[in-house]
Each structure stands twice: as C-alpha cells, then as structure tokens.
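Engineer: I have a structure I would like to understand better, so I am pasting it below and will then ask my questions one at a time.
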Amino acid sequence: MVNCSKERMSFATFLFPKYDGELGPASSLVDEKTQAQYKTTGVKDHLKGFFGRKLDGKSYVDSKRTNL
C-alpha cells in the first residue's frame, strides 16, 4: 500500500561497513536533477554521532539532511 501524503525513507544498511569508509547516496542516484537529500559522512563519524548523541527525542537521521 502506498501513502501519497506521507514521505517515505529507505535506508540500505550493512552489517560490517569498512571503518574508514563513507556512508552516503550512491553516485549513480545523484545528479543535477536529483540532488542528495542526506550528507555523505565517514563510517567512524557516523557511529560516533549515532551512539554518542543525547536522547532528546530528535532523530539522528534528520541531522544528516542536506536541507534542500
């Protein structure tokens, strides 16, 4: 079932990404017409931010938006 009035987010996840790797949108999905909605970040920085954040009711994912 599709909900036209609500935004949908999909995340690809990996069990053991390379610690010195990067997380971000696939380059084949980003161009001038379709810009990235989330920032590319290093795996190490992502893990530090995700596990070191305060539980203030805000989503960590929202902090990675590019603010289009």
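None of the figures in this text is laboratory data; all of them are computed from the coordinates on show. This structure is a prediction, so every number in the text was calculated from the model and none was measured. Cβ placement follows ideal geometry from the backbone for every residue including glycine, while neighbour counts extend to all protein chains displayed.
Engineer: Starting at the first residue of the stretch 19-25, write each ³J(HN,Hα) from the Karplus equation 6.51 cos²θ - 1.76 cosθ + 1.60 with θ = phi - 60°, in whole Hz, x for Gly and Pro.
Structural biologist: 3J(HN,Hα) across the stretch 19-25, in whole Hz: 4, 9, x, 10, 10, x, x.
Engineer: Obtain the nm distance between the two label points defined at LYS48 and ASN67 by a simple spin-label model: each point lies 7 Å from its Cα along the Cα-to-C-beta direction.
Structural biologist: Modelled inter-label distance: 2.2 nm.
Engineer: Could you work out the helix-only [θ] at 222 nm for the chain, with each DSSP H run of four or more residues adding -39,500 (n - 2.57) and the total divided by the number of residues, to the nearest 500 deg cm²/dmol?
Structural biologist: After summing the helix terms and dividing by residue count, I get -4500 deg cm²/dmol.
Engineer: Here is a follow-up. With springs only between Cα atoms under 10 Å apart, run a GNM on the chain and tell me which of LYS33, LYS58, LYS18 wobbles the most.
Structural biologist: The residue that fluctuates most here is LYS33.
Engineer: Now, a different point. Work out the charge dipole of the chain with +1 on the Cβ of Lys and Arg and -1 on the Cβ of Asp and Glu about the Cα centre, then indicate which of GLY42, GLY21, SER63 is farthest towards its positive end.
Structural biologist: It is SER63, whose Cα lies furthest towards the positive end.
Engineer: In debye, nearest 20, what is the charge dipole magnitude of the chain about its Cα centre with +1 on Lys and Arg Cβ and -1 on Asp and Glu Cβ, if you could check?
Structural biologist: Here the size comes out at about 260 debye.
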